[in-house]
Amino acid sequence: MDSCLFCRIIAGEIPSRKVYEDDSVYAFYDINPQAPVHVLLIPKKHIARIENLEPSDADVMGHLMVAARKVGDLLGLSNGYRIVFNNGADGGQEVEHIHLHLLGGLKMGWPPYQLSAPSSN
Ligand code: 5GP
Ligand code: ZN
């Protein structure tokens, strides 16, 4: 899709720091890292959101997970890492091209959000 930021990164029209690439996946460092290691993995096929997935996308999404494992290995994250898909408005998705956040290099807590305190009045 011409106007999509991540499609433009895949096409090389916008520079990125590549970590890994194969036939169906591209992985690059996030421009605004939220952990010592923060990599984005994207399918080369433009799919906006989880809700847009078709049964025929199972292979590419499975491949994305296997690529995440390869990136974890490549970057030496032997102590683990977190994988996040922000999806839709409530999920905090800003770029409408499915992407897997791979975050590592620190010990993380759970849950990753705070419920707001109930109002006292
Ligand atoms: P979302 O909030 O949609 O789950 O995540 C989008 C991610 O893309 C954010 O973490 C943001 O920092 C990253 N991002 C946005 N624009 C660019 C860019 O031009 N280059 C790179 N490498 N990352 C970007
Ligand atoms: Zn796209």
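The values are calculated or read from the model by the stated rules, or taken from the named source; none is laboratory data. Just so it is clear, the structure is predicted and the values come from calculations on it, not from any experiment. Don't worry about glycine lacking a Cβ; one is built from the backbone with ideal geometry, like all the others, and counts go over all protein chains shown. Protein only, heavy atoms only, side chains kept; ligands, DNA and RNA dropped before computing areas. Shrake-Rupley method; radii C 1.70, N 1.55, O 1.52, S 1.80 Å.
Structural remarks
- Under-19-angstrom lysine pairs by C-alpha in the chain, whenever the two are 8 or more apart or on separate chains: 4
- Full-extension gain in nm, V66 to L106, via 0.36 nm per residue minus C-alpha separation: 12.2 nm
- Its DSSP H runs of at least 4 residues, each contributing -39,500 (n - 2.57), put the calculated 222 nm mean residue ellipticity of the chain at -6000 deg cm²/dmol, to the nearest 500.
- Solvent-accessible area per residue in region 1-120 equals 64 Å², computed with a 1.4 angstrom probe and all protein chains kept.
- Only the Cβ atoms of Lys and Arg (+1) and of Asp and Glu (-1) were treated as charged; on that basis the dipole of the chain about its Cα centre amounts to roughly 480 debye.
- The calculated pair-distance distribution of the chain uses every alpha carbon pair, bins of 5 angstrom beginning at 0, and gives 2, 10, 20, 22, 20, 12, 7, 3, 2, 1, 0, 0 percent.
- Put R8, R49, R69 in order of accessible area, highest first, and with a 1.4 Å probe you get R69, R8, R49.
- Inter-label distance, E51 to D2: 2.6 nm, where each label sits 7 Å from its Cα along the C-beta direction.
- Taking the accessible area of the chain, probe 1.4 Å, and keeping the other protein chains in place, the carbon and sulfur fraction comes to 52%.
- Inter-label distance for I31 and Q114, nm, one decimal - labels placed 7 Å from Cα along Cα-to-Cβ: 2.9
- Each peptide in 60-68, 77-85 gets a packing score, the mean of other Cβ atoms within 10 Å over its residues, and the list from highest to lowest is 60-68, 77-85.
- With respect to the chain, whose longest principal axis is taken over its alpha-carbon atoms, helix 58-74 is tilted by about 80°.
- On full extension, the segment bounded by E13 and D73 gains 18.8 nm, given 0.36 nm per residue less the C-alpha separation.
- Net charge dipole size for region 50-117 [Lys, Arg +1 and Asp, Glu -1 on Cβ; Debye, nearest 20]: 520
- Stretchable slack from I83 to K44, in nm (0.36 nm times residue separation minus alpha-carbon distance): 12.2 nm
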